[in-house]
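**Q** Please find one structure pasted underneath; my questions will follow.
The values are calculated or read from the model by the stated rules, or taken from the named source; none is laboratory data. Small disclaimer: the values here were computed from a predicted structure and weren't measured. Because the Cβ atoms are built from the backbone with ideal geometry, glycine has one as well, and the counts that use them run over all protein chains shown. The protein model used for the area step is the full one, side chains on, heavy atoms only, and it has no ligands, DNA or RNA in it. Shrake-Rupley method; radii C 1.70, N 1.55, O 1.52, S 1.80 Å.
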Amino acid sequence: MPQPKSPEARSETIWFDGDQVAWEDARVHVLSHALHYGSSIFEGIRCYKGDKGGAVFRLREHIERFFFSARVLRMDMDKLYTQEQLERACVTTIEQNGLEECYIRPLAFRGAGAMGVLPKDCPTHVSIAVWPWGAYLGADGLRNGIDVAVSSYNKFAPNTFFALAKIGGAYVMGSLAKIEAVRHGYAEGILLDTEGRVAEGTGENIFAVLDGRLITPPLGHSVLGGITRKSLMIMAKEDGIEVVEQTMSREMLYMAEELFFTGTAAEVTPIRSVDGIPVGKGGAGPITLALQDRFFAAVRGQDPRHADWLTPVSPAVVAAE
Ligand code: PPE
């Protein structure tokens, strides 16, 4: 069988249904329900190397959301594993692969059973892959900001599909929006919901600075409840910045003094233009950069206020065994 051409995501082992298996052996059957109907759920988590070694950022919250997504998809993952077991499996997989800084991708999907839309006798499979992943929207973008455009695709309405759960099938539309953005020379697309309100990026939440306040669309407006979003809101409040969850119209993107994306993969990425219109003075704004600093301090264990957001890993221990 040809191997996936993805050397970027290469590691030694992948945790698959309870065991560490060699990377090339983590395979699925073509009749898996998830391949035909998008019935998978996933998470994206990062582990950062700090002064005291590697640590996973907000592992508990990510695994909690993983179980929430399973519940929304009516997948019986909680009958197979506890949250603690999957948290431990994430840590073990990082350690097994000798990594201190990496991205972690838990995935659960309906496997091969009876054919047809109704998932009948489809076993639930769970995997956890890890790999080193650099700046999602480019190292330059992280420093200087990215150019984005409003997408021609709309984010699905809340009465059509679930934005708060991380369901594989939902990303079909997201990946079309991303293809469009890249095809037009942009780093990312901003999706408006079906009412024309700003929702989010294809894999990021969005924030605007307006009159010195931090604004982001509320949950329920077809956005994912981002864990980076939540963390940033907490840190902004600590810095005395007023944070409001508020409906945003498209022209507020052009009115904003600063704009940035948040996400596990995207971290805190400044946006320097939307639809060719510079954001504020163009480039990364001061509040964005200050919050980005706060974020990187927290993930690297340099913020004692948020030490409890980190779960340490010890790859050296495994390597020495
Ligand atoms: N919105 C969407 C649609 C989304 O996929 C993500 C994460 C976020 C917001 C931010 O959520 P959080 O990571 O909890 O702050 N997107 C993941 C997948 C990216 C990918 O290309 O794959 C991620 O960042 O891991």
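**Q** Taking all protein chains together and a probe of 1.4 Å, list E12, E43, E61 from the most accessible to the least accessible.
**A** E12, E61, E43
**Q** With the full set of protein chains in place, find how many percent of the accessible area of the chain is carbon and sulfur; take the probe as 1.4 Å.
**A** Roughly 54 percent, rounded to a whole number.
**Q** Working from Cα positions, state the angle (0 to 90°, nearest 10) between the long axis of helix 83-96 and the longest principal axis of the chain.
**A** Helix 83-96 sits roughly 90 degrees off the main axis of the chain.
**Q** Rounding to the nearest 20 debye, state how big the charge dipole of the chain is about its Cα centre with +1 on each Lys and Arg Cβ and -1 on each Asp and Glu Cβ.
**A** Taking the Cα centre of the chain as origin, the dipole is about 460 debye.
**Q** In square angstrom, what is the accessible area per residue of region 139-284 with a 1.4 angstrom probe?
**A** For region 139-284, the solvent-accessible area averages 40 Å² per residue.
**Q** Rounding to the nearest 10 and keeping the result within 0 to 90°, find how far the Cα-based axis of helix 59-72 lies from the longest principal axis of the chain.
**A** Roughly 80 degrees, rounded to the nearest 10.
**Q** Excluding R250 itself, calculate the net charge of residues whose Cβ lies under 15 Å from the Cβ of R250, where each Lys or Arg counts +1 and each Asp or Glu counts -1.
**A** The answer is -3.
**Q** Take each of the peptides 30-42, 92-104, average the number of other beta-carbon atoms within 10 Å over its residues, and list them starting from the highest.
**A** 92-104, 30-42
**Q** Gap in Å between the Cα centre of region 101-162 and the Cα centre of region 23-88?
**A** Cα centres, region 23-88 to region 101-162: 11 Å.
**Q** On C-alpha positions alone, give me the angle between the axis of helix 227-238 and the longest principal axis of the chain, in degrees, nearest 10.
**A** 40 degrees
**Q** Using heavy-atom solvent-accessible surface (probe 1.4 Å) with all chains present, what is the largest-first order of V182, V299?
**A** Correct descending sequence by accessible area is V182, V299.
**Q** Take the residue pairs K120/K166; K155/K230; K178/K237; K52/K166; K79/K120; K79/K166 and return only those whose Cα atoms are more than 25 Å apart.
**A** In this structure, K178/K237; K52/K166 lie more than 25 Å apart at Cα.
**Q** What does the accessible area of R272 come to, in Å² to the nearest 10, when a probe of 1.4 Å is used?
**A** 80 Å²
**Q** If you average the sequence gap of Cα pairs under 8 Å that are 6 or more apart and divide by the length of region 204-307, what percent do you get for the contact order?
**A** 26 percent
**Q** Quick one: compute the contact order of the chain, relative version, from alpha carbon pairs under 8 angstrom and 6+ residues apart, as a percent.
**A** Reported as a whole number, the value is 21 percent.
**Q** Okay, moving on. Heavy-atom accessible area per residue, region 13-131, 1.4 Å probe: how many Å²?
**A** I get 46 Å² per residue for region 13-131.
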